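The values are calculated or read from the model by the stated rules, or taken from the named source; none is laboratory data. Because the structure is a prediction, the values reported are computed rather than measured. Please note: Cβ atoms are built from the backbone with ideal geometry, for glycine as well, and neighbour counts cover all protein chains shown.
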Amino acid sequence: MAKRIDVSGLSAYYSAHKAIDDISMTIEPGSVTAFIGPSGCGKSTFLRTLNRMHEVTPGGRVEGKVLLDDENLYGSGVDPVTVRRTVGMVFQRPNPFPTMSIYDNVAAGLKLNGIRKKGELDTIVERSLKGANLWNEVKDRLGKPGSGLSGGQQQRLCIARAIAVEPEVLLMDEPCSALDPISTLAIEDLIGELKERFTIVIVTHNMQQAARVSDRTAFFNLAAVGQPGKLIEIDETQRIFSNPSVQATEDYISGRFG
Ligand SMILES: Nc1ncnc2c1ncn2[C@@H]1O[C@H](COP(=O)(O)OP(=O)(O)OP(=O)(O)O)[C@@H](O)[C@H]1O
Ligand SMILES: [Mg+2]
């Protein structure tokens, strides 16, 4: 089931450097939210605080709260490994496990979750590959290495791997930036289908993509180099692109900087 994300007063640091400052926002379940803003304003950092990946970086530290429905991901006693299973992530460069077959790439997380029966694994692998719109292209070569697929196919394989474990939220950091326009459209269509089941957050530098796929858009910015990134505004995507409340948002989307 898709879940609501409620962020309040969130700041993130790399050792002494504060990368993002005091971010609060609500992300509705079963919606797509796009994060936009100039390079270095902390979009990836913020995304990684939503599944406790930020603290994996040496010196990475987080202040504030992230509620998933009612549970604080940073509450005492919350296991970060469980959080990362609940909040899945797809990265900029497709990163299938290179030595594993297509099948095993999708099954690996399921096996970690204790699913061992071949029949059950087969069912979920097929469902996930279908969900990622990849099944027809790979069903006759499931035993072949995932690294032998095209870039766009590899990215859909990574999406299949992420959705196989039935996360409640799917975070995507520039998932199309290494892809050609056709593969990009395939991923965008897929995002539209997946949002029924997952709450989706996507970082993108492509304004058209943000406008095409997202329900709401958040604009982040830096006051100056070396300053932490801040959330400038978040609103309906249509409004952000037609009539934003803040001048800096308008300047950014109309290409006047960034
Ligand atoms: N591993 C790291 N160690 C130290 N500082 C980091 C690290 N990763 C990012 N930063 C710093 O944190 C700030 C935010 O970086 P981040 O990668 O989150 O920005 P971004 O908005 O995703 O940029 P881009 O659009 O280029 O991907 C930057 O000042 C960056 O230099
Ligand atoms: Mg980034």
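Restricting to segment 208-246, what's the tally of residues that are of a type in the set (Phe, Trp, Tyr) and over 23 Å from residue 9 (Cα atoms)?
If we filter segment 208-246 for residues that are of a type in the set (Phe, Trp, Tyr), which is where we start, we get 219-220, 241.
Narrowing further to those that are over 23 Å from residue 9 (Cα atoms): 241.
Count: 1.
Residue count for segment 128-151 satisfying the condition of being surrounded by fewer than 15 Cβ atoms within 10 Å (Cβ to Cβ) and either in contact (Cβ under 8 Å) with a residue 40 or more places away in the chain or touching a Phe, Trp or Tyr at 6+ places or on another chain (Cβ under 8 Å) (or both): 3. Just one of the listed residues (159, 191) is away from ligand 2 (no atom under 16 Å from the Cβ), more than 19 Å from residue 109 (Cβ to Cβ) and touching a residue at least 60 places away in the same chain (Cβ under 8 Å), and it is 191.
Got a sec? Which of 196, 166, 233, 250 is of a type outside the set (A, V, I, L, M), free of Cβ contacts under 8 Å to residues at least 40 places away in the same chain and under 28 Å from residue 122 (Cα atoms)? Working first, answer last.
Working: 196 fails: free of Cβ contacts under 8 Å to residues at least 40 places away in the same chain; 233 fails: under 28 Å from residue 122 (Cα atoms); 250 fails: under 28 Å from residue 122 (Cα atoms).
Unique residue meeting the criteria: 166.
For residues that are surrounded by 13 or more Cβ atoms within 10 Å (Cβ to Cβ) and more than 12 Å from residue 54 (Cβ to Cβ), tally how many sit in segment 77-86. Outline the logic, then answer.
Going through segment 77-86, the residues surrounded by 13 or more Cβ atoms within 10 Å (Cβ to Cβ) turn out to be 78, 80, 83-86.
Cutting the leftovers down to more than 12 Å from residue 54 (Cβ to Cβ) gives us 78, 85-86.
The total comes to 3.
The numbered conditions (1) touching a helix residue (DSSP H, G or I) at 6+ places or on another chain (Cβ under 8 Å); (2) basic (Lys, Arg); (3) away from ligand 2 (no atom under 16 Å from the Cβ) are all true for residue 48 except (3).
Which strands (runs of 3 or more DSSP E) sit wholly inside segment 1-76 and have at least 2 residues that are surrounded by fewer than 19 Cβ atoms within 10 Å (Cβ to Cβ), in contact (Cβ under 8 Å) with a residue 24 or more places away in the chain and of a type outside the set (Lys, Arg)? Walk me through it before giving the result.
Numbers: elements: 5-14, 17-27, 32-36, 60-68.
In segment 1-76, 5-14, 17-27, 60-68 are the strands (runs of 3 or more DSSP E) which contain 2 or more residues that are surrounded by fewer than 19 Cβ atoms within 10 Å (Cβ to Cβ), in contact (Cβ under 8 Å) with a residue 24 or more places away in the chain and of a type outside the set (Lys, Arg).
Listed by first and then second residue, the pairs linking a residue in segment 100-127 that is under 15 Å from residue 166 (Cβ atoms) to a residue that is aromatic (Phe, Trp, Tyr), with Cβ atoms under 7 Å apart and 6 or more places separating them unless they lie on different chains, are 108/97; 125/103; 126/135. Scanning segment 77-106 for residues that are under 20 Å from the mean Cα position of the chain (by Cα), part of a helix (DSSP H, G or I) and of a type in the set (A, V, I, L, M) gives 81, 83, 106. Here is the figure for segment 208-224: residues that are away from ligand 2 (no atom under 16 Å from the Cβ) and more than 19 Å from residue 4 (Cβ to Cβ) total 6.
Please tell me if residue 176 is closer than 19 Å to residue 88 by Cβ, free of Cβ contacts under 8 Å to residues at least 60 places away in the same chain, in contact with a helix residue (DSSP H, G or I) (Cβ under 9 Å, 6 or more places away or on another chain) and surrounded by 17 or more Cβ atoms within 10 Å (Cβ to Cβ). Reasoning before the result, please.
Details: closer than 19 Å to residue 88 by Cβ: yes; free of Cβ contacts under 8 Å to residues at least 60 places away in the same chain: yes; in contact with a helix residue (DSSP H, G or I) (Cβ under 9 Å, 6 or more places away or on another chain): yes; surrounded by 17 or more Cβ atoms within 10 Å (Cβ to Cβ): yes.
Here the answer is yes, as residue 176 does meet what is asked.
Output the residue which, of all residues in segment 1-11 that are touching a Lys or Arg at 6+ places or on another chain (Cβ under 9 Å) and under 21 Å from residue 216 (Cβ atoms), is farthest from ligand 1 (Cβ to nearest atom). Checked segment 1-11; the qualifying residue farthest from ligand 1 (Cβ to nearest atom) is 1.
In summary, strands (runs of 3 or more DSSP E) completely within segment 159-258 and bearing 3 or more residues that are under 13 Å from the mean Cα position of the chain (by Cα) occur at 169-173, 199-203. Look at residue 213 and say whether it is modelled with pLDDT under 95 and among the β-branched types (Val, Ile, Thr). Taking the combined requirement at face value, the residue does not satisfy it.
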